[in-house]
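Working notes, beginning with the structure itself.
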Amino acid sequence: MNTVVEILSMVLQIYSYVLLARALLSWIPNLDPYNPIVQILFRITEPVLDPIRKLIPPLGGMIDISIIVAFFGIMMLQYLLVSLV
């Protein structure tokens, strides 16, 4: 059971790095949306971010906090996993 928790925690940590990369890419002006790296990041993160956006629409119509909510969700999941051990 311990190794399963460690593997799940590692997967969540890697996913948080992918979310961070997506957030950093959003700050780059004139970013090519057809770049393969950008496409991969969007395909990996969109299944998590889209439902969050449906629950919490962008603030003021422009500020998307879905990535922040996803980070907090990942941190809570990791905390729960560690507390199970």
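Condition check: open to solvent by 50 Å² or more (accessible area, probe 1.4 Å) and touching a Pro at 6+ places or on another chain (Cβ under 8 Å). Does Gln13 satisfy that?
Judged against the criteria, Gln13 is not a match.
In segment 27-44, is there at least one residue being closer than 19 Å to Met75 by Cβ and either surrounded by fewer than 10 Cβ atoms within 10 Å (Cβ to Cβ) or without any contact (Cβ under 8 Å) to a residue 12 or more places away in the chain (or both)?
No, because not a single residue in segment 27-44 is closer than 19 Å to Met75 by Cβ and either surrounded by fewer than 10 Cβ atoms within 10 Å (Cβ to Cβ) or without any contact (Cβ under 8 Å) to a residue 12 or more places away in the chain (or both).
Can you find a residue that is modelled with pLDDT of 90 or more and acidic (Asp, Glu) anywhere in segment 62-69?
No, the conditions are met nowhere in segment 62-69.
Can you give me the number of residues within segment 33-65 that are more than 19 Å from Val18 (Cβ to Cβ) and part of a helix (DSSP H, G or I)?
2
What are the pairs with Cβ atoms under 6 angstrom where one residue, in segment 2-25, is in a helix (DSSP H, G or I) and the other, located anywhere, is modelled with pLDDT of 90 or more and open to solvent by 80 Å² or more (accessible area, probe 1.4 Å)? Sequence gap at least six, or different chains.
Every condition considered, the pairs that remain are Leu12/Leu77.
The values are calculated or read from the model by the stated rules, or taken from the named source; none is laboratory data. In this text, all values refer to a predicted model and were calculated from it rather than measured experimentally. Note: ideal-geometry Cβ built from the backbone for every residue, glycine included; neighbour counts use all protein chains shown. Heavy atoms of the whole protein, side chains included, go into the accessibility calculation; ligands, DNA and RNA do not. Shrake-Rupley method; radii C 1.70, N 1.55, O 1.52, S 1.80 Å.
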